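Chemist: One structure is given below, represented as C-alpha cells, and several questions about it will come after.
A short reminder: the numbers here are calculations on the coordinates, not readings from a lab. The shown structure was predicted, so the numbers you read here are calculated from the model rather than taken from an experiment. Every residue, glycine among them, receives a Cβ derived from its backbone with ideal geometry; neighbour counts consider all protein chains shown.
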Ligand SMILES: Cc1cc2nc3c(=O)[nH]c(=O)nc-3n(C[C@H](O)[C@H](O)[C@H](O)COP(=O)(O)O)c2cc1C
C-alpha cells in the first residue's frame, strides 16, 4: 500500500453462534489488535446477528421475508470488505455449520479477496477447522493466507479482560497474519479495480 492508499476494509467474522460461546473473546481480541494498525479499517461481523435459513432459495427466488434483511445486511458487510478474518472454533474436527451456511449464501462477495483464520479449540487449536475451510474458500474464489493464529485449550487461553495469556506468541502470530492479509488485500484490491474479477 502506498501512503495515499485508503485503509483496507477488514471484516472480523465470528463464526460460532452457540449459546455460551467463547467466540466473541478471540474475535474481540483480534479486532482490537487489527484496529491498532492504521492500514486497516476494521469492522466486525457476528453470524449470530445474521441468522440465515438452511433452506437456500431457488435461483432467482427471494428467501422468506424475515431472512431478507439478514441476508442483505450480511451481503453488504461482506461486499464492502477487502479482506476477511474468520474466527472459528473446531466442532467435530471441522468448522461450525452456521459458517458453512453463511458461505453457501454468497459467492461474489468473497471472490478475489484474502481470508485469514483465527482458530481455537481443544488440543488441535481449531486447525482442523482451518484446513477444511481452505478448499471451501478456494471454491468461492477467495485466497487463504498461510499464517494462522491458533488457541489450543481455548477456554483456558484468555484472562478476564479477554486478553490471551500467552500474549507474546499470540500477538506475534496476529501481526504476521495481518502482514500477509495486507499484502494480499492491497494487491487484490488494486487488481479488482483495474480489472473487475470474472469480467
Ligand atoms: C459440537 C462441538 C464439537 C466439538 N468438537 C471439537 C473437536 O472436534 N475438536 C476440538 O478441539 N474441540 C471441539 N470442541 C470444543 C470447542 O472447540 C470449544 O468448546 C470451543 O470453545 C467452541 O467454540 P465456541 O465456544 O465459540 O462455540 C467441540 C465443541 C462443540 C460444542
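Chemist: Give me a count of the residues in the stretch 173-195 that are in contact with a strand residue (DSSP E or B) (Cβ under 6 Å, 6 or more places away or on another chain) and closer than 14 Å to residue 111 by Cα.
Modeler: Final tally of qualifying residues: 2.
Chemist: If residue 170 satisfies all but one of (1) farther than 21 Å from residue 106 by Cα; (2) not in a helix (DSSP H, G or I), what's the number of the condition it fails?
Modeler: Looking at each condition in turn, residue 170 falls short on (2).
Chemist: If residue 42 passes every condition in (1) out of contact with any helix residue (DSSP H, G or I) (no Cβ under 7 Å at 6 or more places or on another chain); (2) closer than 19 Å to residue 149 by Cα; (3) surrounded by 14 or more Cβ atoms within 10 Å (Cβ to Cβ) but one, which one does it miss?
Modeler: Of everything listed in (1) out of contact with any helix residue (DSSP H, G or I) (no Cβ under 7 Å at 6 or more places or on another chain); (2) closer than 19 Å to residue 149 by Cα; (3) surrounded by 14 or more Cβ atoms within 10 Å (Cβ to Cβ), residue 42 misses just condition (1).
Chemist: How many residues are farther than 14 Å from residue 177 by Cβ and surrounded by 15 or more Cβ atoms within 10 Å (Cβ to Cβ) when one looks only at the stretch 135-159?
Modeler: Pass one, the stretch 135-159, residues farther than 14 Å from residue 177 by Cβ: 135-142, 152-159.
So of that shortlist, the ones also surrounded by 15 or more Cβ atoms within 10 Å (Cβ to Cβ) come out as 136-137, 140, 142, 152, 154, 157-158.
The total comes to 8.
Chemist: Name the residues in the stretch 1-20 that are within 9 Å of the ligand (Cβ to nearest atom) and either touching a helix residue (DSSP H, G or I) at 6+ places or on another chain (Cβ under 8 Å) or under 21 Å from residue 145 (Cα atoms) (or both), would you?
Modeler: Within the stretch 1-20, 14, 15, 16, 17 meet the criteria.
Chemist: Report yes if some residue within the stretch 45-57 is within 16 Å of the ligand (Cβ to nearest atom) and assigned to a strand (DSSP E or B); otherwise report no.
Modeler: Taking every residue of the stretch 45-57 in turn, at least one turns out to be within 16 Å of the ligand (Cβ to nearest atom) and assigned to a strand (DSSP E or B).
Chemist: Also, I was wondering about something else. I'd like the full set of residues that are touching a helix residue (DSSP H, G or I) at 6+ places or on another chain (Cβ under 7 Å) and within 17 Å of residue 96 (Cα to Cα), limited to the stretch 131-153.
Modeler: Here is the first cut: in the stretch 131-153, the residues touching a helix residue (DSSP H, G or I) at 6+ places or on another chain (Cβ under 7 Å) are 136, 140, 143-151.
The answer is 136, 150, 151.
Chemist: Still on this structure, I have one more. Quickly run through the stretch 118-139 and pick out the residues that are more than 13 Å from the ligand (Cβ to nearest atom) and touching a residue at least 40 places away in the same chain (Cβ under 8 Å).
Modeler: Kept after step one, since they are more than 13 Å from the ligand (Cβ to nearest atom), are these residues of the stretch 118-139: 133-139.
Matches in the stretch 118-139: 133 only.
Chemist: Which one of 177, 107 is out of contact with any helix residue (DSSP H, G or I) (no Cβ under 7 Å at 6 or more places or on another chain), closer than 21 Å to residue 47 by Cβ and buried (at least 22 other Cβ atoms within 10 Å of the Cβ)? Before you say what the answer is, go through the steps one by one.
Modeler: Values: 107 fails: buried (at least 22 other Cβ atoms within 10 Å of the Cβ).
Just a single option satisfies the conditions, and that option is 177.
Chemist: For the stretch 119-131, indicate whether the set of residues that are more than 25 Å from residue 94 (Cα to Cα), within 14 Å of the chain's Cα centre (by Cα) and surrounded by 22 or more Cβ atoms within 10 Å (Cβ to Cβ) is non-empty. Before the answer, list the steps.
Modeler: Restricting attention to the stretch 119-131, the residues satisfying the condition of being more than 25 Å from residue 94 (Cα to Cα) are none.
The answer is no, given that none of the residues of the stretch 119-131 is more than 25 Å from residue 94 (Cα to Cα), within 14 Å of the chain's Cα centre (by Cα) and surrounded by 22 or more Cβ atoms within 10 Å (Cβ to Cβ).
Chemist: What tally of residues in the stretch 21-44 results from selecting those that are touching a strand residue (DSSP E or B) at 6+ places or on another chain (Cβ under 6 Å), away from the ligand (no atom under 16 Å from the Cβ) and in a helix (DSSP H, G or I)?
Modeler: Qualifying residue count, the stretch 21-44: 2.
Chemist: Does residue 112 fit the bill of being closer than 22 Å to residue 197 by Cα, away from the ligand (no atom under 15 Å from the Cβ) and under 14 Å from the mean Cα position of the chain (by Cα)?
Modeler: Numbers: closer than 22 Å to residue 197 by Cα: yes; away from the ligand (no atom under 15 Å from the Cβ): yes; under 14 Å from the mean Cα position of the chain (by Cα): no.
So residue 112 fails the test.
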